[in-house]
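This report concerns only the one structure given below.
The values are calculated or read from the model by the stated rules, or taken from the named source; none is laboratory data. Everything quoted here is computed from the prediction, not taken from an experiment. Cβ atoms come from the backbone with ideal geometry, glycine included; neighbour counts cover every protein chain shown.
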Amino acid sequence: MKIKTAKVYNFRLLKNVQVDFEEELSLVVGKNNSGKTSFLAVLEKFLSPSRENEFTIDDFNLDHISKLKASVESDLKQICAAEDYIEYYIGLKIEIECDEKDDLCNIADFMLDLNPDYNSIIIAFGYVLGYEKYKLLVEEFKTYIQKAKIKETKREDLDKFLTKRINRYFVRRKQSLEIGNETNALDIEDAQLRKVLSFKVIKAKRDVTNDERKSSNTLSQRTSRLYQALTGDKETIEVTDLQKLLIETDKLFTDEYKNTFKDILENIDKFSSGAAQLEIHSTIHETELFKDNTTVRYIQDQQNLPETHNGLGYMNLYAMLFDIHICLNSFKSVANNLSGPAELNLLFIEEPEAHTHPQMQYIFINNIKNMLREGKGNIQLQTVVSTHSPHIVSQSRFSDIKYFIRVHNNSTSVKNVSDLEKAYDNLGEGDGYRFLKQYLTVHNAELFFSEKAIFIEGVTERILLPAFMFKLDEENKATEDYTRLLSQNISIIELGNYTHIFDKFLSFLGIRYLIITDIDSVNNDGACPVVDGNSTSNDSIKYYLADKSFEELKKLSIDGKKLKYEDGSYTQSAEANLCIVYQTEENGYHARSFEDAFISQNIQFIFNNKDNFLSLKNRDKIEEDCTDFYDLARCCISKKSSFSADILFYSNEGYTNWQTPKYIKEGLLWLTQQ
């Protein structure tokens, strides 16, 4: 038995999304404000029995609540008929899949169709505005307007009214739905639900501190909670070794209390005039013993030190491991008068990377599955981990990743990264998919959390690109509506000529990306100056601009390099999410690579520093009036990465003593526009 899917409706950005669950662990990733926290919140609000989890008007998807407000405003004069009314609601549907090995005793009440072809049940949770409550809302809003003497109602009046009263009109609903006929529904009770599904969460904020002035003994307090989880509320005559020890201790303390409290007891006896005598007995309870008298310390170099001397990273890791053990043992304990643990147990771990350095994040994700597998015992357990950490993503299985992406201002989409493999395989590009997985190192895994990306040829551009971005930001700081590049969430990926292999992945991510590459002119003899070339050897250019001849490539404007994937090919589009740039003619010279492009625009800068640049050889060839920049780049640069470092080292503070090549500047300007 396992949770197969969870569908969320009209909750914040989760307007209509489906999250597929893996059998063991699902990894939830995505950019900021893409709905990851909302997914946890909606699970909590429906699955955790707490008044703290009541809904507010701010929990509704903006499009959905706007429709409700418009409906109320239009019905103030004449309310709609019941048959025309469409319910407003926040919803969660959980599909649970069973197999022939499962004991169906606890879910029998949820099965509305005994068709043997159906091996699932659907549990639907709703926060719903029914028709009668809707009529009440409209009538009471009318009264509110009259009493407040509002002559002309505005949307903010309805906002204020609903904000304070939303829970008066919307009601919770839990139902089992028939597979294939969801209009057939059966109301279910909390007790029934608890037999089937148990939910616990470990929040990102774990109250971890190593400030001795504020310390709440984070780990020490967790020992009490762990002991409670281990023992539960079992009614049993079993006596543990700890309890045996406490019984003996109680006897010793009781005898000692007779002497300690002798005077007060004798006085009480005198005043009681022969009434029943008092005795003071020791009753040490295990949980209280742990709560107030247990301290976690750690050993370093044979020294016994307090837990607060640990770094925040270790404190967070240890606290999280305590919390996981607490949750696992709570799942396994017999509670709430149930006959045993729930059929399914869902654990949500939010942002395990908090306070931890990359190595700890690697350790966590590489070990968490085994830890959960070994610690769960006989219970059915599924785990969801949400993260912003590329370190965790880079060490995870693709099939575990659920990617949250904001598709509109008011809605999110959820994608399975495993679907990428199908897309590559369907096009006979399985090797490309394998390359993609191998190349998603920690730096490239940043793409899951980026708003935009820049793909570059190699280390030369990587070294200089931040300077190019800073320079462009400074040049445009007074420009209206210009968004600084260095303030945006942009990943820089070094891929050489393999960017095209990432194109389906980038389309999947839905991010805007710029490719900065070289025109790589060649002729029958091989590499050559652009003026002597008849084609390009650059695979990315040939892939994205396949319909262009070499002559067209040389003259192509920046608008012609803005592309969108449509009908199986890349075409020029004003709505482009991709732009590919390479060297263009500038001041009468068309460069082949970055190096000769930079030299052609900055020959005076190079000449002034030629004796200092460690990357140069044949320095006597560099003159102020040089025009064969292709030859200079080929003959005078000994190492390209050193050349980039030299440029940075001899730049002034604002990078104003040299110019950015035109093609790079054009590409970066395009990237700032949306």
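Do we have any residue at all in region 489-507 that's over 25 Å from ASP539 (Cα atoms) and touching a residue at least 40 places away in the same chain (Cβ under 8 Å)? Within region 489-507 (the criterion being over 25 Å from ASP539 (Cα atoms) and touching a residue at least 40 places away in the same chain (Cβ under 8 Å)), the answer is yes, since at least one residue qualifies. Is one or more of the residues making up region 99-120 free of Cβ contacts under 8 Å to residues at least 60 places away in the same chain, in contact with a strand residue (DSSP E or B) (Cβ under 9 Å, 6 or more places away or on another chain) and farther than 16 Å from ALA185 by Cα? Among the residues of region 99-120, at least one is free of Cβ contacts under 8 Å to residues at least 60 places away in the same chain, in contact with a strand residue (DSSP E or B) (Cβ under 9 Å, 6 or more places away or on another chain) and farther than 16 Å from ALA185 by Cα, which makes the answer yes. In the set ARG434, ARG406, which member is closer than 25 Å to GLU24 by Cα and either modelled with pLDDT under 90 or not in a loop (DSSP other than H, G, I, E, B) (or both)? Of ARG434, ARG406, the one residue that is closer than 25 Å to GLU24 by Cα and either modelled with pLDDT under 90 or not in a loop (DSSP other than H, G, I, E, B) (or both) is ARG434. Of the helices (runs of 4 or more DSSP H) lying entirely inside region 574-674, the ones with 3 or more residues being within 22 Å of PHE470 (Cβ to Cβ) and at pLDDT 95 or above are found at 594-601, 603-609, 640-649, 662-672. Of the set (1) over 22 Å from ASN370 (Cα atoms); (2) surrounded by 14 or more Cβ atoms within 10 Å (Cβ to Cβ), all apply to GLY430 but (2). Count of region 163-192 residues, restricted to those that are surrounded by 14 or more Cβ atoms within 10 Å (Cβ to Cβ), part of a helix (DSSP H, G or I) and modelled with pLDDT under 90, is 1.
Here LEU137 meets each of (1) within 30 Å of GLN18 (Cα to Cα); (2) assigned to a helix (DSSP H, G or I) with one exception, condition (1). Number of residues in region 649-673 that are closer than 17 Å to GLN604 by Cα, surrounded by fewer than 18 Cβ atoms within 10 Å (Cβ to Cβ) and in contact with an Asp or Glu (Cβ under 9 Å, 6 or more places away or on another chain): the value is 1.
Can you tell me which residue in region 515-560 is nearest to GLU586 (Cα to Cα), limited to those that are charged (D, E, K, R) and in contact (Cβ under 8 Å) with a residue 40 or more places away in the chain?
Pass one, region 515-560, residues charged (D, E, K, R): 518, 520, 525, 532, 539, 542, 547-548, 551-552, 554-555, 559.
With in contact (Cβ under 8 Å) with a residue 40 or more places away in the chain added as a condition, the list becomes 518, 520, 539.
On the way: ASP518: 15, ASP520: 16, ASP539: 24 Å.
Once the filter is applied, the top-ranked residue is ASP518.
A single member of VAL459, VAL407 is closer than 23 Å to LEU13 by Cβ, hydrophobic (A, V, I, L, M, F, W, C), touching a strand residue (DSSP E or B) at 6+ places or on another chain (Cβ under 8 Å) and surrounded by fewer than 18 Cβ atoms within 10 Å (Cβ to Cβ), and it is VAL407.
Per the listing LYS160, LYS149, LYS154, the residue uniquely of a type outside the set (A, V, I, L, M), at positive phi and either surrounded by fewer than 15 Cβ atoms within 10 Å (Cβ to Cβ) or modelled with pLDDT of 95 or more (or both) is LYS149. Here ILE606 fits the description: out of contact with any His (no Cβ under 6 Å at 6 or more places or on another chain) and buried (at least 21 other Cβ atoms within 10 Å of the Cβ).
Quickly run through region 553-573 and pick out the residues that are acidic (Asp, Glu) and assigned to a strand (DSSP E or B). The one that is acidic (Asp, Glu) and assigned to a strand (DSSP E or B): GLU566. Annotation: ASN33 fulfils all but one of (1) closer than 27 Å to ARG512 by Cβ; (2) surrounded by fewer than 18 Cβ atoms within 10 Å (Cβ to Cβ); (3) touching a Ser or Thr at 6+ places or on another chain (Cβ under 6 Å); the unmet one is (3). Candidates ILE622, ILE647, ILE541: the one that is within 21 Å of VAL522 (Cβ to Cβ), touching a Leu at 6+ places or on another chain (Cβ under 8 Å) and not charged (D, E, K, R) is ILE541. The single residue among LEU563, LEU553 that is more than 30 Å from ARG634 (Cα to Cα) and either in the same structural domain as TYR630 (by TED's automatic domain parsing) or surrounded by fewer than 18 Cβ atoms within 10 Å (Cβ to Cβ) (or both) turns out to be LEU563. Taking (1) closer than 30 Å to ASP190 by Cα; (2) not in a loop (DSSP other than H, G, I, E, B) in turn, GLN359 satisfies each apart from (1).
Could you please find all residues in region 78-131 being of a type in the set (Val, Ile, Thr), assigned to a loop (DSSP other than H, G, I, E, B) and under 36 Å from the mean Cα position of the chain (by Cα)? Let's see the steps before the verdict.
Keep residues of region 78-131 that are of a type in the set (Val, Ile, Thr), which gives 79, 86, 90, 94, 96, 107, 121-123, 128.
Still in the list and also assigned to a loop (DSSP other than H, G, I, E, B): 79, 86, 107.
Within region 78-131, ILE86, ILE107 qualify.
Working only within region 437-462, note down all residues that are over 18 Å from the mean Cα position of the chain (by Cα) and assigned to a helix (DSSP H, G or I). Passing the criteria: LYS437, GLN438, TYR439, VAL459, THR460, GLU461, ARG462. So, GLU451, is that one charged (D, E, K, R), within 22 Å of TYR544 (Cα to Cα) and out of contact with any strand residue (DSSP E or B) (no Cβ under 6 Å at 6 or more places or on another chain) or not? Judged against the criteria, GLU451 is a match.
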